[in-house]
Amino acid sequence: MRIAVVGAGLMGSGIAQVSAVAGHDVVLQDVGEDALTRGRDGIAASLAKFAEKGKVSQSDAQAALERIVTTTDLDAVADAEVVVEAVFEKIEVKAEIFRRLDAVCAPDALLATNTSAIPITSIAAVTSRPEQVVGTHFFSPVPMMKLCELVRGYKTSDESMQRAREFAEGIGKTVVVVNRDVAGFVTTRLITALAMEAIALVESGVASAEDVDIACRLGFGHAMGPLETADMTGVDIIFNATSNIYADSQDEKFNPPEILRRMVQAGDLGRKSGKGFYDYS
């Protein structure tokens, strides 16, 4: 099967990698050659680590890499059977991509959006085929994380949901199905609700970030505390996700605390910037 992935960041390159390892031919598209080079280099490094650990053979890793072609031309995805968009969490950006995909893709192509919080219906609405648009919420790092949330938009067909399930399970993911298109779906609503309360506790001086995370790890058996998770995921990503949920639901528990907004404005974005709720310098 021919798979196209739009967006060569960590999520997009991860989706491309697992699709290629599963034997699919993959087109990885992005607007710039630099992003494509970083994406392909990241895939090569990841496959090399898997080969070193004996999880794939050297020959299979090389074959997977060779099944991935990169391009800056969005028209190159035209003959893909499944197209997965994996760009930044901005509805305006995603909507523009889906307008283009609607124009260039085959009439029977499955169009998937990798979003953690934006309602699928709002993305599908810009196309002439909303029944063929489905949410596929992968988790980072994609080659390591087993879960994929499949999200049904208001008009997503049963056939499209089944095709999405077959694709996701075929690349090694365990699927949970979200049958009603609420902003944030299941996993993002859960983690952001916990994260917002954890941040509010720190902001008001109730407890330190370290102690809040320890409480969640040792009291609830979580592998990571919510503030450690925010730093790993990206403080800006958490902020945008919960802002999207709040904008759609007006549920106050998703209203980002002031400190979260200020951290984003100041560039304290977590591990990727060297400082977030913890200092990584």
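Throughout, read-outs are computed from the coordinates displayed, never taken from laboratory work. Since this is a predicted model, take the numbers as computed values, not measurements. Reconstructed Cβ throughout: ideal geometry from the backbone, glycine too, with neighbour counts over all protein chains shown.
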**Item:** In degrees, nearest ten, helix 91-104 long axis to first principal axis of the chain (Cα)
**Value:** 10 degrees
**Request:** Determine which lysines satisfy two conditions relative to Lys146: a Cα distance under 16 Å, and not lying fewer than 8 residues away in the same chain.
**Result:** Lys55, Lys173
**Message:** Can you give me the angle between helix 209-220 and the longest principal axis of the chain, using Cα atoms only, in degrees from 0 to 90, rounded to the nearest 10?
**Reply:** 70 degrees
**Relative contact order computed over the chain (Cα-Cα under 8 Å; 6+ residues apart), in percent** = 14 percent
**Request:** With N denoting the number of residues in segment 77-232, provide Rg(C-alpha) divided by 2.2 N^0.38 Å, to two decimal places.
**Result:** 1.18
**Fill in**
Here the gain from full extension of Ser57 to Thr37, 0.36 nm per residue of separation minus their alpha-carbon distance, amounts to 4.8 nm
**Fill in**
To the nearest 0.05, the calculated FRET efficiency linking Ala125 and Arg100 through their beta-carbon distance, R0 being 22 Å, is 0.90
**Item:** Computed label-point distance, nm, for sites Glu210 and Phe88 using a 7 Å Cα→Cβ extension
**Value:** 3.4 nm
**Item:** Relative contact order (percent, whole number), segment 187-266, Cα cutoff 8 Å, 6+ residue spacing
**Value:** 35 percent
**Complete:** Of Val142, Val21, Val56, the most mobile residue in a GNM of the chain (C-alpha springs, cutoff 10 Å) is Val56
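Only Lys, Arg, Asp and Glu count, each charged at its Cβ (+1, +1, -1, -1), so figure out the dipole size of the chain about its Cα centre, rounded to 20 debye.
360 debye
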**Asked** Who wins for biggest fluctuation among Gly234, Gly39, Gly54 in a Gaussian network model of the chain, springs between alpha carbons below 10 Å?
**Response** Gly54
**Item:** (1) 20.2; (2) 18.9; (3) 19.5, with the label sought being that of the calculated Kirkwood radius over Cα pairs in Å
**Value:** (3)
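If you filter segment 180-281 for trypsin sites (Lys or Arg not before Pro), then keep DSSP loop positions with at most 16 other Cβ within 10 Å, what is left?
Those that pass, being in a loop and sparsely packed, are Arg180, Arg271, Lys272.
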**Message:** Taking every DSSP beta bridge with both residues inside segment 2-178, roughly what % is antiparallel (nearest 5)?
**Reply:** 15 percent
